[in-house]
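Working notes, beginning with the structure itself.
The values are calculated or read from the model by the stated rules, or taken from the named source; none is laboratory data. All values reported here derive from a predicted model rather than from experimental measurement. Note that we place each Cβ from the backbone using ideal geometry, even for glycine, and neighbour counts take in every protein chain shown.
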Amino acid sequence: MVGVCKSYGRKAVLENLDLEVPWGQVLAVLGPNGSGKSTLLRILATLTQADSGETRVAGLEVESRGAQVRRLIGVITHDPMHYAALTVVENLRLHARLFGLDDQPGRVAGVCERMGIASLADERAGSLSHGQQRRLAIARALLHDPPVLLLDEPESGLDQEALSRIRALVEEAGQLGKTVLTTTHNLQWGLRFADRAVVLGRGRVEYDSGPGGVDAAAIQEAYSELHGKLG
């Protein structure tokens, strides 16, 4: 992302934001609610457009090549984006068909097992609890085995078992050379598996730990200067 700006009405959310994430990096984007984390992720996910600036994913310009970008990314947002009247399996099979995936039954069964929702396969998505819907969203994001994962506060609403599963999946993705960008306002969560962290403030990156690893104390200090105490 280079010089990315985004406003909602008169409120500027992102202002000349620059951010580059190399292949194979697990990046935690930190900031409180309203700091622009979700907007940043939604632009990368082609779910909303920047007002100006350049955004690329895997070298592809997101506005002109959105269809190709969407095949490369797995996305989890606050909105689960399920079809409430369809069952868990039906939602996943529909997603598999949209991506033209081979071995659809095997892939669906595999992601259900990984996220611990195999027993819910025939339940309608609209009847699931918030935490179960989050698990389904994660399963859908993993279904087409994307090289880039964009996770908007994936820890929100998950129980400890689910948290352990998503943490293991992120760690595995990093080991496999995939790129992961996860937003969070929870320092402990974000730094548990990230190998780089940035803090958003005033619509741009105000602190960047760099690729050499994360220093929790330095990040806490930088965050506190910008936003106060971080949980």
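Data table
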{"quantity": "Evaluation of residue 71 against (1) part of a strand (DSSP E or B); (2) surrounded by fewer than 19 Cβ atoms within 10 Å (Cβ to Cβ) (one fails), failing number", "calculated": "(1)"}
{"quantity": "Segment 146-170: number of residues that are in contact with a strand residue (DSSP E or B) (Cβ under 8 Å, 6 or more places away or on another chain) and of a type outside the set (A, V, I, L, M)", "calculated": "6"}
{"quantity": "Segment 1-23 - residue that is of a type in the set (A, V, I, L, M) and not in a strand (DSSP E or B) and, of those, farthest from residue 202 (Cα to Cα)", "calculated": "21"}
{"quantity": "Number of the condition not met by residue 46 [criteria: (1) surrounded by fewer than 16 Cβ atoms within 10 Å (Cβ to Cβ); (2) among the β-branched types (Val, Ile, Thr); (3) within 30 Å of residue 121 (Cα to Cα)]", "calculated": "(1)"}
{"quantity": "Residue match in segment 24-35 (condition: part of a helix (DSSP H, G or I), at pLDDT below 95 and crowded, with 19+ Cβ neighbours inside 10 Å)", "calculated": "no"}
